[in-house]
Amino acid sequence: MGMTALLPLTYALTLTTSSVQILPANPTRKGVAFSNPGPNSVAVCPAVGNAGQAVAAVINGAGSITILPGGLLLVPQNTWPDAVATCAWNAIASGGSTPFTAWEF
């Protein structure tokens, strides 16, 4: 009998001032939640742009959503167009060693 992953999956991350992929693409993902418990701002964005190009997360930048310290961003699959929740995601912090959490549903 096959195993089924228990959801949600949690990713406890430490971000720096370089944009990195924090979640891989997952076509069965139902939604994601991003939590910023740290002292620095964090920006997240889909890893691929509208023309198929790689996109880097940028604090207060075009294509990114900035999450302030103590903030939370929910991306439920059924309310966002074009499978936004299922894509790969990138993130960057405004300062080094910033704790960050991603939940995958």
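The values are calculated or read from the model by the stated rules, or taken from the named source; none is laboratory data. Quick caveat, the model's predicted, so the values are computed rather than measured. Here the Cβ positions follow ideal geometry from the backbone for every residue, glycine too, while neighbour counts run over all protein chains shown.
What the table below lists for this structure:
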item: Positions within the stretch 38-57 being within 14 Å of the chain's Cα centre (by Cα) and in a loop (DSSP other than H, G, I, E, B), in sequence order; result: Ser41, Ala47, Val55, Ala56, Ala57
item: Filter result for Gly70 (at positive phi, modelled with pLDDT under 95 and assigned to a loop (DSSP other than H, G, I, E, B)); result: no
item: Hits in the stretch 58-67 (condition: modelled with pLDDT of 95 or more and part of a loop (DSSP other than H, G, I, E, B)); result: Val58, Ile59, Asn60, Gly61, Ser64
item: The stretch 82-105, subset touching a Lys or Arg at 6+ places or on another chain (Cβ under 8 Å) and not polar (S, T, N, Q), residue farthest from Ala57 (Cα to Cα); result: Phe105
item: Within the stretch 87-105, considering residues that are farther than 13 Å from Ala25 by Cα, within 10 Å of the chain's Cα centre (by Cα) and of a type in the set (Gly, Ala, Ser), the one surrounded by the fewest Cβ atoms within 10 Å (Cβ to Cβ); result: Ala102
